[in-house]
1. Please report, ordered by residue number, the strands (runs of 3 or more DSSP E) entirely within segment 435-513 with at least 1 residues that are aromatic (Phe, Trp, Tyr).
2. Looking at Gly780, Gly801 in this structure, which one is open to solvent by 20 Å² or more (accessible area, probe 1.4 Å) and out of contact with any Cys (no Cβ under 6 Å at 6 or more places or on another chain)?
3. Taking into account only those residues within segment 399-409 that are open to solvent by 80 Å² or more (accessible area, probe 1.4 Å) and assigned to a strand (DSSP E or B), which is farthest from Gly366 (Cα to Cα)?
4. Which members of segment 592-610 meet the condition of being part of a loop (DSSP other than H, G, I, E, B) and crowded, with 21+ Cβ neighbours inside 10 Å?
5. Counting only residues that are more than 10 Å from Asp151 (Cβ to Cβ), open to solvent by less than 30 Å² (accessible area, probe 1.4 Å) and not small (Gly, Ala, Ser), how many does segment 268-283 have?
6. Which of (1) assigned to a loop (DSSP other than H, G, I, E, B); (2) closer than 20 Å to Ile809 by Cα is the odd one out, the single condition Gly766 does not satisfy?
7. Kindly state which helices (runs of 4 or more DSSP H) lie completely within segment 290-367 and contain at least 2 residues that are open to solvent by 40 Å² or more (accessible area, probe 1.4 Å) and within 15 Å of Phe467 (Cα to Cα).
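The values are calculated or read from the model by the stated rules, or taken from the named source; none is laboratory data. Since we're looking at a predicted model, the values are computed, not measured. Reconstructed Cβ throughout: ideal geometry from the backbone, glycine too, with neighbour counts over all protein chains shown. Side chains are part of the model used for accessible areas, which takes the heavy atoms of the whole protein and leaves out ligands, DNA and RNA. Shrake-Rupley method; radii C 1.70, N 1.55, O 1.52, S 1.80 Å.
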Amino acid sequence: MRKVLLALALFPAMTRTMAQAPETIGSAEIFLRLKKLNVLGSVLYIAAHPDDENSRLIAYMAKDRLYRTGYLSMTRGDGGQNLIGDEQGVELGLIRTQEMLAARKVDGADQFFTRAFDFGFTKTTQEALRTWNEEKILSDVVWVIRKFQPDVLITRFPEDSRAGHGHHSASAVLAHEAFTAAADPNRFPEQFKYGVKPWQAKRLLWNTFNFGSTNTTSEDQLKIDVGTYNPILGKSYGELAAESRTNHKSQGAALTPARGQSVEYFTLVTGAPAHTDPMDDVTTSWSRVDGGEKIGEMIDGLIRDYSLGNPERSVPALVNVYKALSRLKDGYWKTIKMKEVQQLIEACSGLWLEASVHSAYAAQGGSIQVSFVLNNRLNAHAAVTDISMTGFDTAYKQDLSGNRNYTITKIVSISPSQPITQPYWLAEEMSPGSYNVKDPMLIGDAQSKPAFEVSFRLNIEGEEITFVHPVLYKFTDPVKGELYQPLTVLPPATGQFDPALVLFTGGEQKDFQVMMTNQTGHPTGTTISLTQPANITLKDKSDPQSADPIYAATPAANAGSATVYASELLHTDGKTDTALELKTIAYDHIPRIDYFRPAREQFVTADVKILGKRIGYIEGAGDKVPQALLQMGYEVTLLKEKDLTTGALHSFDAIITGVRAYDVHPWLTGRYAVLMDYVKNGGNLIVQYNRNSGAKIGPYPFSITNGRVTDENAKVDFLLPDHAVLNYPNKITDKDFDDWIQERGIYFISQLDPAYQPIFSMHDPGESPQNGSLVVADYGKGKFVYTGLVFFRELPAGVPGAYRLMANIIALNQKKGF
């Protein structure tokens, strides 16, 4: 058993993160990409969230039909649940963005997003469109269509309730509207000054489906088999789809690889009918480009003469194609195909072009040591003529002999005005339902550009070609080997509070620490101060010798209940501004993620009385409930499988399971008897929401459903107003459900044994009441509680009523007059 620690790490261990090595392409993939050069067709798939896409169809379109294929997701999945950690909201969206990009590396498609924020499950199209600002997000969809110029649009969902989620149906509505708007010069004409033009796709199709009890397919629909096997890749598209989708680890979305026939169905939404194929009547050869027939013939020769064992022999012909493309009239396919040919020249030459640093972080006004490595591994006729990046440019001229490393190391100064490495959609303050982006050219992009990029200018077969690569942090882990991670540019100083939220439950004084980190390694002249929050008195308790100041906070007598205050950390370095806190997210399957937010301390005053002291917490998929319990005044011990023994549990006043604990810990089912024995002997077992895992959880039968109340302001009716959970030690009233965020609850239970007592009834507009959000049962001398109320969202958000209700749930087995 171990106690919860609240110390926050500024820089998580780098060994936890996945290698992000520069892409290398083998001969089989080169051959596939040579064939793709002769295909000039494009498909854009549109849905609402990461992992909504049909990965099998996308892989088939990109790797079999060789079309330029893209997926446009309305949101970054910010409002979903997280199976691998405690990140929620914006942080979850950052994780899911990188999971999407990892999936696209497998299936070969491009990735796009709108500015829509995933505000959680909604049951109506109207709420989604209203919250997002329909016209704003429609402009994003139109912008992506005009930039990507798809021949065919395909939606995952219909525009009605069969979509199963308001975001799903809204994505289909927006796709339908954008099909027409993108072609209309009078719609969003401000976009034209950024290089796009009206674009009319051939048709919009709905990729119908058979999910669960909803079957929208029929044999009279257009259908194609996408389950074919690709011998070049050695995989079927069902196998590629499983590999792609398994990258969505935060959602537990892994698929079993599928082999054999797999039919996809389509129905026309608008545009020209298709009778045999989604791309009916679309020209996908070089004949669609003025002067392109000759280039098609050149590529045919390339494919015919390609040597699997000696791809470098194709370099001269590829350079000739590159030159022929450069002579075409400027246009969409010229730009796309020149980039594809350039990548093939690099791959066929076996060129290794790398720019790396020995630290993951660099500060504005500081410097970095960059190592540039070049290797012409297959001895193509190549010479480097110039290497440049921001802060560095050299006319380095060197013939590149075969398979020899050429290394240059330079100290590069970083301008004080160099932008910090912030995801572009987080640079501006959000609107309630969407992100705001100042630079219109960034809208739709999956992620920000790297902090620094290097241009390697080479002469290959007599042609000057510039290859652009990111500067990456490179290191060797003793277990995982050589790893690459992003380079992050920091402000000269960052700060943070520990803890980030201070809860006052009775006017008491509480301490918190301020940590300021100088990132440059030398004095910056920076001093810090705190803004004075309303009704909170701050007193500096710091030891003069301490690097990190400690402050005592005391609420005023009139601070009141259910009031949230905040204090910002200011820094002074020529001007006074809010300090930024560096937040780092690190998982093995995605690159390290860094982002910044204002360094703020949150103060919450709430009239919360607690009974009981010792809490055993079984962590689930990840949440911040243990930290909230500590703030309430409980002692919290995190329990592992080995700790769940009859003798070890009797000392706890309550045992709480984290969200989805029974979903992620199969061993919990094996500890059922131990937990029931704990309850029977007077304990209090509190189970937060799980999905329908089939695990035996409570002392009496119940079923977990997908029932939920998504309206965070939905009226809550008290079914048992005299029950202890509503009265002791805190009197729960309607006011305790004020200011909840995102939703009331999820995964309610039904088919309850009569021994369970439902406490609340609630429902979304137009729906029947649901009674499974909080149920209590007596078992022996103790209590069992199941709750789908989203404490994992409300407690970290500082909702006072959530603290009060949680205290009452914990106190259910304490001696009292009930």
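1. Values: elements: 453-460, 463-477, 481-486, 488-490, 493-498, 501-504.
Once the strands (runs of 3 or more DSSP E) in segment 435-513 are filtered for at least 1 residues that are aromatic (Phe, Trp, Tyr), what remains is 453-460, 463-477, 481-486, 493-498, 501-504.
2. Working: Gly801 fails: open to solvent by 20 Å² or more (accessible area, probe 1.4 Å).
Exactly one residue qualifies, and that residue is Gly780.
3. Keep residues of segment 399-409 that are open to solvent by 80 Å² or more (accessible area, probe 1.4 Å), which gives 399, 403-405, 407.
With the extra rule that they be assigned to a strand (DSSP E or B), the set shrinks to 399, 405, 407.
On the way: Asp399: 33, Asn405: 29, Thr407: 23 Å.
In this case the residue turns out to be Asp399.
4. Step one: list which residues in segment 592-610 are part of a loop (DSSP other than H, G, I, E, B), which gives 592, 599, 606-610.
Arg592, Ala599, Ala606, Val608, Ile610, listed by residue number.
5. We begin by selecting, within segment 268-283, every residue more than 10 Å from Asp151 (Cβ to Cβ); these are 268-277, 280.
Still in the running and open to solvent by less than 30 Å² (accessible area, probe 1.4 Å): 274, 277, 280.
Narrowing further to those that are not small (Gly, Ala, Ser): 277, 280.
Within segment 268-283, residues that are more than 10 Å from Asp151 (Cβ to Cβ), open to solvent by less than 30 Å² (accessible area, probe 1.4 Å) and not small (Gly, Ala, Ser) number 2.
6. Among (1) assigned to a loop (DSSP other than H, G, I, E, B); (2) closer than 20 Å to Ile809 by Cα, Gly766 violates only (2).
7. Values: elements: 293-305, 315-326, 332-349.
Counting at least 2 such residues, we get 332-349.
Conditions tested, residue by residue: (1) assigned to a helix (DSSP H, G or I); (2) modelled with pLDDT of 95 or more; (3) buried (at least 24 other Cβ atoms within 10 Å of the Cβ).
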site: Val39; (1), (2), (3): no, yes, no
site: Asp51; (1), (2), (3): no, no, no
site: Gly77; (1), (2), (3): no, yes, yes
site: Gly80; (1), (2), (3): no, no, no
site: Arg96; (1), (2), (3): yes, yes, yes
